[in-house]
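**Q** One structure, pasted below without further comment.
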């Protein structure tokens, strides 16, 4: 007997971000992607959390689609978030910029401080450079 798997619509109705992120692979991927975009800013914390796991690439891409509401959390992840989420956050910001999003001055200043700062881990420096557009990166790098 198989386990019951709730529908994407049911997960969306319950606001189950983790469940939706888990569906960013497989047959429900497109529907989960749309549901997370609909949730927008409310989905950002769960998507940031997913950056460190197997759904990091798809979560980064959804964050890029959500756009400006996700920027502060992504910049904070680069500055001081868990190490396993840093590069995916930089890639998400880079993808947003490729789609025409503009980084507000305050966030640009914060990223520049990471990029140019002393005592900054290499991964954070590279992620800040990617977010600022100083280098090209591929999603999932």
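Values in this text are rule-based calculations from the coordinates and carry no lab data. Since we're looking at a predicted model, the values are computed, not measured. Quick reminder, even Gly has a Cβ in these numbers, built from the backbone with ideal geometry, and neighbours come from all protein chains shown.
**Q** Hey, any hits in the range 116-137 for a residue that's without any contact (Cβ under 8 Å) to a residue 60 or more places away in the chain, farther than 16 Å from residue 18 by Cβ, part of a helix (DSSP H, G or I) and out of contact with any helix residue (DSSP H, G or I) (no Cβ under 8 Å at 6 or more places or on another chain)?
**A** Of the residues in the range 116-137, the ones without any contact (Cβ under 8 Å) to a residue 60 or more places away in the chain are 116-137.
With the extra rule that they be farther than 16 Å from residue 18 by Cβ, the set shrinks to 116-137.
Filter once more, so that each one left must be part of a helix (DSSP H, G or I): 116, 122-132.
When the remaining residues are screened for being out of contact with any helix residue (DSSP H, G or I) (no Cβ under 8 Å at 6 or more places or on another chain), the result is 116, 122.
Yes, some residue in the range 116-137 is without any contact (Cβ under 8 Å) to a residue 60 or more places away in the chain, farther than 16 Å from residue 18 by Cβ, part of a helix (DSSP H, G or I) and out of contact with any helix residue (DSSP H, G or I) (no Cβ under 8 Å at 6 or more places or on another chain).
**Q** Taking residue 50 as meeting all but one of (1) more than 12 Å from the chain's Cα centre (by Cα); (2) under 26 Å from residue 6 (Cβ atoms), write down the number of the exception.
**A** Result: residue 50 fails condition (1) only.
**Q** Hey, another quick one. Going through the range 4-55 one residue at a time, which ones are outside any helix (DSSP H, G or I) and surrounded by fewer than 16 Cβ atoms within 10 Å (Cβ to Cβ)?
**A** Result: 4, 5, 6, 7, 15, 25, 26, 27, 53, 54.
**Q** Being under 18 Å from residue 43 (Cα atoms) and part of a helix (DSSP H, G or I) is the requirement here; does residue 79 meet it?
**A** On the way: under 18 Å from residue 43 (Cα atoms): no; part of a helix (DSSP H, G or I): yes.
No, not satisfied.
**Q** A further question on this structure: Is the range 83-106 home to any residue that is in contact with a helix residue (DSSP H, G or I) (Cβ under 9 Å, 6 or more places away or on another chain), assigned to a loop (DSSP other than H, G, I, E, B), free of Cβ contacts under 8 Å to residues at least 12 places away in the same chain and under 16 Å from residue 131 (Cβ atoms)?
**A** Yes, some residue in the range 83-106 is in contact with a helix residue (DSSP H, G or I) (Cβ under 9 Å, 6 or more places away or on another chain), assigned to a loop (DSSP other than H, G, I, E, B), free of Cβ contacts under 8 Å to residues at least 12 places away in the same chain and under 16 Å from residue 131 (Cβ atoms).
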